[in-house]
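First up is the structure itself, then whatever we jot down about it.
Nothing in this text is a laboratory measurement; each read-out follows from the coordinates by a stated rule. Not measured: the values here are computed from a predicted model. A quick note on method: Cβ atoms are made from the backbone with ideal geometry, for glycine too, and the neighbour counts reach across all protein chains shown.
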Amino acid sequence: MDKSLAIKLNSALFGLDVKGGGINYISHSHSDHSYALKDNAPIFCSDATAQMLSLDYNGKPAEENSPNTKAVDENIFSAKKNIKKESPLPGPGEKEDFLGRQNKISKRKKPFPKRIQIPPSFSLHNAGHILGSTQLCTNTQEYGKFVYTGDFKLRDGLTVKKAPILGCDTLVAECTYGNAQVAFPPPGEVYESMEKWAKQNKNSIQLWGGYATGKAQELVKFINTYLDEAPVVPEKIAKICSHYKNNGISLDYVQAGTNEAQEIMRSPFCAVFPPHQLNASFASQLSHAHRRDAKVAMATGWTGIRRMSAHASFPLSDHADFGEILRYAQESGAKKVYLAHGKNEACAKELKKRGINAFAIEQIGKKEKMQAILQNQ
Ligand SMILES: [Zn+2]
């Protein structure tokens, strides 16, 4: 994450998904947005993000620090489906992998940073990315009405609703897929193609790959809703699913290594795993152990951009595509748009061609910084 995201707002330095501010803001719990956990400065974020981050801290609940009292627009779907009784988790410090082997889990030693209330004049709004993800809005002397959004999307998912577009003078936005060639199909079309593939392979073990936080829960919900099944998941994903359930999002899943999982695995079954665990050798071990074909399907926005090592891949993304970045820039009315992450210069160029006053984030405050240097000479 870019150091340019330590930005002076009303003369105070804020780290926006970076460390280095006097106060740091964490937009969501993905590791590339939570560097502020390694800093000593206080942090602020949504309650759901703080709870999710604290899952890595020996279960110490983050809300023991000062919880936010301001309402955060989470826009999450309410519970609709009956929930199966959850399987007990393995003991502390243990992790059972898919084949029942146990490994030690390394726990973070550093204490959870001091969490403060949302500073006055700031408000947080749903970012539509994963549970607890927010965008930040505030009025500033430097940039007028200022909005920062880390990862976001303007499409409804199965577990998180789309982000609202906030009107502003200055917009700072993440542009992970800020390439004009990237356009994701509507989610309904993606779910239909996933359902079709799943039904064609109903006699196989289906291993669905998606990042443990956010994507895996979307996959669990897809398997519940479209395939009417409860997938087997490893402990890490089960923990995060449980956190989603605590926040009112019903998910039906079974933890690997439990008797219930063993029972399910006697027949063709679905499982959801982080992509890095799904390789040919893993699939072949499973296939051999269960005497049944095992198929791997990846769900990622990089489908069609990067080569996937899987039997199938689907463009199910938690991020905005280029069209959504353009739409946010246009509909927010921002006079200046700064882009962070990935090929932000190229994205700014493409937006400029479409009439947006866009820059790479490295340009933010550059004029003011130059003036300060000249004054000091
Ligand atoms: Zn993210």
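Some observations on this one:
- Length gained when the stretch L227-R266 is fully extended (0.36 nm per residue, less Cα-Cα span): 12.3 nm
- Cβ-Cβ distance of S123 and E345, R₀ of 25 Å, FRET efficiency by 1/(1 + (r/R0)^6): the value works out to about 0.25.
- Counting only Cβ charges, +1 for Lys and Arg and -1 for Asp and Glu, the dipole size of region 121-274 around its Cα centre is about 60 debye.
- By other beta-carbon atoms within 10 Å, ranking S193, S29, S250 with the fewest at the front produces S193, S250, S29.
- Charge tally around S287: other residues with Cβ under 14 Å, Lys/Arg +1 each, Asp/Glu -1 each, net +2.
- Net length gained if the chain between K196 and Q330 were fully extended (0.36 nm per residue, minus Cα distance): 44.6 nm
- Gyration tensor (alpha-carbon) shape descriptor, region 188-314, a/c threshold 1.5: rounded
- Label point distance in nm, N259-R306, each placed 7 Å from Cα along Cα→Cβ: 4.1 nm
- Extension gain for the segment I116 to S242, taken as residue separation times 0.36 nm less the Cα-Cα distance, is 42.8 nm to one decimal.
- At R0 = 30 Å, FRET efficiency that the Cβ-Cβ distance of Q181 and N357 yields, to 0.05: 0.85
- Selection from N279, A256, H243 lying farthest towards where the dipole of region 188-314 points positive, charges on Cβ: N279
- Electrostatic tally near E324: other residues with Cβ closer than 14 Å to its Cβ, Lys and Arg +1, Asp and Glu -1, net -2.
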